[in-house]
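Notes to accompany the following structure.
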Amino acid sequence: MSEADDAVVVHTQLTNWQRRIQQTAAGLTPPQTGSPQPALDRLLHQLVSVYNVASGLIGEILRSADSPLATTDTGRTYLVQLATALEHTNRTAAHLSTAVTGLAEIHRLSPRPGTTAPAESSLNVMLGHAAALRSLQRALTAVTAPVADAPSHTRPAPTPVVAEQHRRPADGGSRPARRRP
């Protein structure tokens with residue numbers, strides 16, 4: 001295949017992923033906290049649709065990585081775009097899981113006489129769902145950028161884990177100071 005053919009294939013695939021992610025984002029309607037069964041049912045269906053997109057992205061990455069397309073600059077950039085979209089899609093699923101947990105907590109505690117839904121659970125539902133939508137929009141942005149416009153080093157530098165940040169030595173020393181009890 002020529003570079004032009006690769007670009008056409010990649011453009012077609014990116015258009016397909018844009019459509020799939022947009023449809024999934026359109027289905028992410030805010031959860032209702034009314035009756036438990038329909039509210040949880042709707043959120044779980046949203047989680048399944050995000051899972052389906054993530055599974056499709058994984059399949060596409062595997063197919064593309066094993067193809068001759070992966071040996072070209074266009075193909076490698078395409079794989080980075082898909083991996084970025086997958087990363088954001090996985091975050092979407094995590095945020096939706098938080099919303100599901102919060103909604104389940106609301107419905108577990110609310111039916112008791114004299115109790116109200118815990119504010120923290122309601123906040124988890126609202127914030128989890130909003131964060132899920134933002135993550136899905138980031139996944140869409142990852143596959144929307146034309147391959148020619150994507151920089152060759154689109155992969156961000158890894159960020160240290162919180163625990164790793166606390167173990168780092170201070171500027172002056174090579175080892176952290178030990179504290180004695």
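Select from the range 1-11 the residues that are part of a helix (DSSP H, G or I) and either closer than 15 Å to residue 142 by Cα or aliphatic (A, V, I, L, M) (or both) and list them in ascending order.
Passing the criteria: 4, 7, 8, 9, 10, 11.
Quick check: is even one residue across the range 97-114 open to solvent by 80 Å² or more (accessible area, probe 1.4 Å), out of contact with any Pro (no Cβ under 8 Å at 6 or more places or on another chain) and small (Gly, Ala, Ser)? Yes; the residues of the range 97-114 include at least one that is open to solvent by 80 Å² or more (accessible area, probe 1.4 Å), out of contact with any Pro (no Cβ under 8 Å at 6 or more places or on another chain) and small (Gly, Ala, Ser). If you go through the range 26-39 and pick out every residue that is surrounded by 11 or more Cβ atoms within 10 Å (Cβ to Cβ), within 23 Å of residue 138 (Cβ to Cβ) and of a type in the set (A, V, I, L, M), you end up with 1. Test residue 42 against the stated conditions and say whether it is open to solvent by 70 Å² or more (accessible area, probe 1.4 Å), in contact with a Ser or Thr (Cβ under 8 Å, 6 or more places away or on another chain) and free of Cβ contacts under 8 Å to residues at least 24 places away in the same chain. Judged against the criteria, residue 42 is a match. For the range 52-108, the set of residues classified as among the small types (Gly, Ala, Ser) and within 30 Å of residue 124 (Cβ to Cβ) consists of 54, 55, 56, 83, 85, 93, 94, 97, 99, 102, 104, listed by residue number.
Would you tally the residues in the range 64-75 being free of Cβ contacts under 8 Å to residues at least 12 places away in the same chain and either touching a Gly at 6+ places or on another chain (Cβ under 9 Å) or within 17 Å of residue 143 (Cα to Cα) (or both)? Give the steps one after another, and end with the answer.
Keep residues of the range 64-75 that are free of Cβ contacts under 8 Å to residues at least 12 places away in the same chain, which gives 66-67, 70-71.
Filter again for either touching a Gly at 6+ places or on another chain (Cβ under 9 Å) or within 17 Å of residue 143 (Cα to Cα) (or both), leaving 67, 70.
Within the range 64-75, residues that are free of Cβ contacts under 8 Å to residues at least 12 places away in the same chain and either touching a Gly at 6+ places or on another chain (Cβ under 9 Å) or within 17 Å of residue 143 (Cα to Cα) (or both) number 2.
The values are calculated or read from the model by the stated rules, or taken from the named source; none is laboratory data. In this text, all values refer to a predicted model and were calculated from it rather than measured experimentally. Neighbour counts run over all protein chains shown; Cβ positions are idealised from the backbone, glycine included. For accessibility, only protein heavy atoms count, side chains too; no ligands or nucleic acids. Shrake-Rupley method; radii C 1.70, N 1.55, O 1.52, S 1.80 Å.
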